[in-house]
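Each remark here refers to the structure printed beneath this line.
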Amino acid sequence: MAYLSFVAEEMLSDDALVQLTLDFAARFPRLAPQEIGLKPEAVRFDSARLKSVLTPERLEFGWSWRRSRPDIEGRRSRDPRDGDENEYLSIDLDHVEQQELLEVAEWYAQRVRLAYAHIHVLSEPEAQHAAARGLAFLGISPQAHKDPQAWSYYPRNLNQLCNGIPDLCWVTVFGPMYVRHFGRERLLSAPAPVVREIATDTILLQLSHSYTEVATDWEKFNATREAVIDHLGRECFNRSARPAIPHPADSCDARLVDVDPRFIPRELMPRRQKFLAAASTPPEALPPPLTSLEEMLAHVGRLKVITIMGSRVLIDKERKELIGFADPKLAEEWIDKLIAAGVEAQGTSQR
């Protein structure tokens, strides 16, 4: 499985997102979405109807899509509260060529002002390396610890990048803010097998000629990664200072090196300062959580129902959090009753 993550410098408008999806489908028809949303609410992808499907309500927090042969899952996450957004694709490598992955990365870089992007694959040692740094997680497969296909690799976002670059992937793309931060010559002279400018002020670093080397020669791949990190400046990376694979039982947090604010791009400083200010501010007094249907019916003004990727979600507006349910059927039953009682419902209705 290949994991692609694209992080724009600024959140795109709804119209721009829809057009980007249409353009992607036109340029890469073999990789285009077949379904938008999650089952059973999934809608068949139709470029002529996409604008009516991707409504502002559906776009508010992002959406997901999928196709089969090649098996692809796509997800766009959006957080309108802080302008954070990323596009994330997982692609089955059995039916996709390496060159096609690189063309997707280059295409995005030429159409979106990227802060950062990556393409990564997980062999068994790379999965353990990434998991120890909190960058990969196990799936539900019973053979998860032995099968790299059972792992998933976390996408990046601006919030994560403002604390330092987590690591280098098989392919890492640095956008204009990082070209200014590191300097063009330093990036272009990085000791990687492939270094090239794929868009204006956007430079791609590829740590091996073939992604298969992440599995067949991981030691060499990792040594190249360490050399590139040393070349760019280890102080810019929020990661373990040692190249060896940590033991799975080790604490991830204890192995991370905090990045001095001087070593992140200046464009990310306002976001970094916002986090620091929030961390030093005493939390505001919040009302107790609503845990029963009776309590919710008594406080309908606190609640709101929205649709995220085809599923209805209940939000406590005063606590600014989602209300989780262990039983999906119970959640649907309660949401119907709450909507009937007058709870605000955005982009959804009683079923």
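The values are calculated or read from the model by the stated rules, or taken from the named source; none is laboratory data. The model shown is predicted, which means the values in this text are computed figures rather than measured ones. Glycine gets a Cβ as well: all are built from the backbone with ideal geometry, and neighbour counts include every protein chain shown. Quick note on the areas: whole protein, heavy atoms, side chains included, nothing else; ligands and nucleic acids left out. Shrake-Rupley method; radii C 1.70, N 1.55, O 1.52, S 1.80 Å.
For the stretch 40-57, residues that are open to solvent by 80 Å² or more (accessible area, probe 1.4 Å), modelled with pLDDT of 75 or more and assigned to a loop (DSSP other than H, G, I, E, B) total 2. Scanning the stretch 96-125 for residues that are under 12 Å from residue 1 (Cβ atoms) and part of a helix (DSSP H, G or I) yields a single hit, 101. For the stretch 9-23, the set of residues classified as open to solvent by 10 Å² or more (accessible area, probe 1.4 Å), in contact (Cβ under 8 Å) with a residue 24 or more places away in the chain and either part of a loop (DSSP other than H, G, I, E, B) or of a type outside the set (S, T, N, Q) (or both) consists of 9, 10, 11, 12, 14, 20, 22, 23, listed by residue number. Checking the stretch 303-315 against the condition returns a match, with at least one residue being of a type outside the set (Ser, Thr, Tyr), in contact with a Ser or Thr (Cβ under 7 Å, 6 or more places away or on another chain), open to solvent by 40 Å² or more (accessible area, probe 1.4 Å) and at positive phi. When the residues of the stretch 24-39 are filtered to those that are over 23 Å from residue 106 (Cβ atoms) and out of contact with any Gly (no Cβ under 7 Å at 6 or more places or on another chain), which remaining residue is most open to solvent (accessible area, probe 1.4 Å)? Result: 39.
Here the condition is being closer than 21 Å to residue 165 by Cα, open to solvent by less than 60 Å² (accessible area, probe 1.4 Å), among the charged types (D, E, K, R) and at pLDDT 70 or above; of 271, 266, it holds for 271 alone. Output yes when any residue across the stretch 114-121 is of a type outside the set (A, V, I, L, M) and modelled with pLDDT under 95, and no when none is. No, there is no match, as no residue in the stretch 114-121 is of a type outside the set (A, V, I, L, M) and modelled with pLDDT under 95.
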